[in-house]
1. Which of A:HIS19, A:HIS134, A:HIS101 ends up with the largest GNM mean-square fluctuation for chain A, with Cα atoms connected below 10 Å?
2. Could you identify which residue out of A:LEU218, A:LEU197, A:LEU176 has the top mean-square fluctuation in a GNM of chain A using Cα springs shorter than 10 Å?
3. For every other residue with a beta carbon closer than 15 angstrom to the beta carbon of B:HIS120, add +1 if it is Lys or Arg and -1 if Asp or Glu, then tell me the sum.
4. Explain nothing, just the number: dipole magnitude of the protein assembly as shown about its Cα centre with +1 on each Lys and Arg Cβ and -1 on each Asp and Glu Cβ, in debye rounded to the nearest 20.
5. Give me, ordered by chain and number, the residues 5 or more places off B:GLU75 or on other chains with an amide H under 5 Å from its own placed amide H.
6. Given +1 on the Cβ of Lys and Arg, -1 on the Cβ of Asp and Glu, and no further charges, what dipole in debye does chain A carry about its Cα centre, rounded to the nearest 20?
7. If I take the Cα coordinates of region A:3-76 and project them onto the principal axes, what are the three extents in Å, biggest first?
8. So, R0 is 25 Å and r is the distance between the beta-carbons of A:GLN16 and B:GLN151; what FRET efficiency does that work out to, to 0.05?
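The values are calculated or read from the model by the stated rules, or taken from the named source; none is laboratory data. Model, not experiment: these values are computed from the prediction. FYI the Cβ positions are ideal-geometry reconstructions off the backbone, even for glycines, and counts take in every protein chain you see. Keep in mind that these areas ignore ligands, DNA and RNA; they rest on the heavy atoms of the full protein, side chains included. Shrake-Rupley method; radii C 1.70, N 1.55, O 1.52, S 1.80 Å.
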Amino acid sequence: MSTPTTQAAEITDTAQKPHTNTAPEALQQRAKAQRTRDRFQTTGLFVIFFLGFIGLWHLATVGLDDGGLAPTPGATWDRLLEMLGTAFLLDGPNNVGIFYHLLASIQRVLLGFGLAAIIAVPLGLLLGTSRVIHDGMDPFIQILRPVSPLAWLPLGLALLRDSQMTAIFVIFMAALWPILVSTIDGVRRVNPLFLDLAKSLETDTKTRVFKVLLPATLPAIVTGLRTALSTAWLVIVAAEMIVGGRGMGHFVWNEWNALNTPSIVVAIVIIGGVGFLLDRSIAQLQRLVPKS
Amino acid sequence: MTAETLTTERTSTEPVVKLEGITKGFPDRKKGFQRIVGTTDVDINEGEFITIIGPSGCGKSTILKMIAGLESVDEGTISLAGKPITAPSRELGIVFQQHVLLPWMSARQNVIFALETDPHQKRSKQELETLADEYLELVNLSHAADRRPTQLSGGMQQRVGIARAFALEPKVMLLDEPLGALDALTRHELQLQLLQLCEQQKRTFIMVTHDVDEALLLSDRILVMGAGPNAQIVHDLSVPFSRPRDVENLEQDPKYHELRSFLLSSLTGH
């Protein structure tokens, strides 16, 4: 602070040392080569695992005395091609292509999930903001949340008297809790100073909710939506086994009744793939979310 | 200042902010109700830069929050220009210790947010942008107006916060350890910028800090609080250096060092 500048001459500075640096281009080349190597290894490993899996599968089914019930890789492959060939078939109630089964399941899931989101997000914002309302409501949430959504199914059939509506109702019950709980949690984690700021600017409730609270809670809401959608996709297959009609669950159960196991394997792969795509698409919402 | 001169002055210059017998406490599980801020009276005059300094836990930030209307007082009243403060108001601009910038908005949008939410004055989009840019210019941030808070350094984030508070054109600026979260180098730089700003923009400032040099550099008056709980103001010092101030001149002034050691000893209790 008050040190005289004349002392600068006495400072010993030993930072200057000779260096020979590698050219930056060479360093970049090295990093790039490493990335290519890694990618090559990943792909190679995947191919090895896949072939190994098929091989094991094949060996497991060879010479199995089960009356031809176990799906072999070959039979499954043939069945896959056949199902893809007739995917868009629509010939009476008992002859429906896999595409329409898939479509029915997706429709139910999106409807039930959408209804759940419309109710759970605003309710979550309210419960997250008001400690008093939350504590009054919490016992209901805590008791109903651990219940399997399928437990609601008979009640739905009895009260709604419609299998389609019941399936949607079950999905609704499956999707409601993850969104609600995640939204409440998200509101509570919002930086309290954001709310102080909003108050000090004399903002009205509408501005506070839509310009501050909602954007700040969005990451938690998207997380809740992702959990809810994947839960809904898990539940729909089981629900459709019971309510029947069209749908992946119904298809799987029907094929079991026909002892057609290769179809079930194909259906499992399709259900997994579509579940993955659904999750990816909702994850895109996360791009709207700012990093804080 | 004697009681007599106070009463004669009051007729001509009414204090902008008046704290009358305020206290604040919190229920404590072990000790019952714990009073943090003991009975406090302060008159803050128009155009004054006043700093509240004190050991941590003495409730200095709580006092600032009560003036801001973000915390209620247990006893007593706080008034702004003669009217009691019961809720937050745009007449009190707050600069928080951590930056409180909305992360999904750019620096400019953050300033615009403060301007467009004004219930008393509706401005066009064009006006809002021009005005926001003016205030960012004030803190030398025109080049960073389009950046998000995460793309700004700590010092820049705090400058956006300062620009936003000034944009409200408040009667009183409340600074809650505004530079407390910054590294030493940035902090020193911003102290000088803040000094320039408050000498330029004639306004009333109330700052809370624990940095003695910062307090001496910026303030007209320093209130020293004792240790909590039940903390009270133990010293009310006027800082006699003329304005505009210059750090180097200030540091050569023996009065500066005298005040500095007085403050340090009263804060540490040695």
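1. A:HIS19
2. In this elastic network of chain A, the residue with the biggest mean-square fluctuation among A:LEU218, A:LEU197, A:LEU176 is A:LEU197.
3. On the way: positive: B:ARG90, B:LYS122, B:ARG123, B:LYS171; negative: A:GLU202, A:ASP204, B:GLU91, B:GLU116, B:ASP118, B:GLU127, B:GLU169.
Residues near B:HIS120 contribute -3 overall.
4. Numbers: 50 positive and 56 negative charges, 293 e Å.
Once rounded to the nearest 20, the dipole reads 1400 debye.
5. Amide H to amide H, under 5 Å and 5 or more residues apart or across chains, B:GLU75 pairs with B:THR23.
6. On the way: 22 positive and 19 negative charges, 163 e Å.
In debye, rounded to 20, chain A gives about 780.
7. 100, 30, 15
8. The computed FRET efficiency comes out at 0.15.
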